[in-house]
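Undergrad: Provided herewith is a single structure, encoded as structure tokens, for subsequent inquiry.
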Amino acid sequence: MASMLLLVASLQAASRLSWNSVAVSVDDKQIVSSATVHAHPGRLLGVMGPSGAGKTTLLGVISGRCTAQPRKKLTGTAHGVPDAHDVSILEQAEHFFGLLTVRETLELAVELEGGSGSAARAEVDALLQTLGLLAVQHSRVGDAIHRGISGGEKRRLAVGCALLAHPSLLVADEPTTGLDSHPAMRVVRLIREAAAARAIPAVATLHQPRSSIWAHLDDVLILAPRGRVVYHGPRAAALAHFESLGHRCPPHTNPAEHLIDLVSTDFDSPMSASLDEERIHSLAAAWRKREARAPPVAPPVAPPAAKAAAAIASTTAAATATTAGRTASPSC
Ligand SMILES: Nc1ncnc2c1ncn2[C@@H]1O[C@H](COP(=O)(O)OP(=O)(O)OP(=O)(O)O)[C@@H](O)[C@H]1O
Ligand SMILES: [Mg+2]
């Protein structure tokens, strides 16, 4: 029995994707500091932190888009991570042809992925149902000039287009920003359900998520300024970790808000900024200690579709760094 449990545990560990000790700096500015991230198939990981903490940069590394450049240094290693073309990225700003309908947009996306005929039509039909877009399938998407579908519907359409690529990893930068509570929830639920149904990991940065969205995350990573990790693991265990460090979440408080407050700096007075930095420093140190006590399991054997133990970058020369191969976006 014990050996069976060990086997299950090691199989689960083997299928997760890991980015170890990721550090990104531009000139002398540290943007991400030795962050280790694990993403598990079928689970949604929410990356949270105050503005400027390094969430988009870290997501750029995870998606393979953040590469070393002459002034940018990128170090760390990756294990079990798919090739960049197997990663679907949900951009904050969707790029649709405004004059196409919702159905035509999905049909075009499926065609661009090489799909055709009745199988492609069936896939679009099923997706329209899953996305909750059947009622607006013949509506124009719209653009700045032509009024089209709502913001929430556009965001769900973007998830649909991303899923048509049959990715091995789905990443989304702030998929809920600009949406009201209900549409934001639907988008997060959709991403989580897609990850579970397809047994792929999903990673999303979230800006100040409401408690209803917090409750839909499987795992969380809390990032403090300069990309310092203060917690990464199951969402359900996050509050207990901070409580053990003396930061109990007050009753009737949104857990996400409480945790983001803990890693935010109030620059209004030098005194409070220094106290905040002291607290963040000790939270980051406590997390490093905890990581050191329970180091990640041995790197898994890469599945056939994945890159074998891809090095993100060399530890010294930025110019020799490689990633999954995409060009860096300006945001990372
Ligand atoms: N190429 C770059 N050159 C210089 N500074 C950069 C570069 N990319 C990011 N930064 C800086 O690194 C920090 C983190 O940026 P990033 O966009 O990752 O933060 P974020 O957590 O996503 O913030 P937000 O919540 O506002 O989107 C910011 O201070 C940003 O100005
Ligand atoms: Mg960002």
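Just so you know, all these numbers are worked out from the coordinates, no wet-lab data involved. As the structure is a prediction and not an experimental result, all values here were calculated from the model. Backbone-built Cβ (ideal geometry, glycine too); neighbour counts: all protein chains shown.
Undergrad: Find how much the distance from SER21 to SER244 grows on full extension, using 0.36 nm per residue of separation minus their present alpha carbon separation; answer in nm with one decimal.
TA: That works out to 77.8 nm of additional length.
Undergrad: Let me spell out the model: positive unit charges on the Cβ of Lys and Arg, negative unit charges on the Cβ of Asp and Glu, origin at the Cα centre of segment 88-167. What dipole size does that give, in debye rounded to 20?
TA: Dipole of segment 88-167, to the nearest 20 debye: 260 debye.
Undergrad: Once fully extended, how much extra length lies between PHE97 and HIS182, figured as 0.36 nm per residue of separation less the alpha-carbon to alpha-carbon distance?
TA: Details: separation 85, 0.36 × 85 = 30.60 nm, distance 2.56 nm.
Length gained between PHE97 and HIS182: 28.0 nm.
Undergrad: Right, here's the next one. Give LYS72/LYS154; LYS29/LYS154; LYS55/LYS154 a once-over and call out the pairs whose C-alpha atoms are over 25 Å from each other.
TA: Exceeds cut-off: LYS72/LYS154; LYS29/LYS154.
Undergrad: Pull up the cross-link candidates among the aspartates and glutamates for LYS73, meaning alpha carbon to alpha carbon under 12 Å and not fewer than 8 places away within one chain.
TA: ASP27, ASP28
Undergrad: Shifting gears a bit: Using 1/(1 + (r/R0)^6) with R0 = 30 angstrom and r between the beta carbons of SER211 and ALA294, what's the FRET efficiency to the nearest 0.05?
TA: It comes out at approximately 0.60.
Undergrad: Arrange the peptides 115-122, 186-193 so that the one whose residues have, on average, the most other Cβ atoms within 10 Å appears first.
TA: Highest-to-lowest ranking by the protection proxy: 186-193, 115-122.
Undergrad: Once you have the Cα-Cα distance between ARG147 and GLU193, take 0.36 nm times their residue separation minus that, and quote the gain in nm to one decimal.
TA: Extra length from ARG147 to GLU193 when fully extended: 13.6 nm.
Undergrad: Please list, in chain and number order, the residues 5+ apart from VAL220 or on another chain whose amide H is under 5 Å from its amide H, with Hs placed from the backbone.
TA: Placed amide hydrogens put GLY46, GLY233, ARG235 under 5 Å from VAL220.
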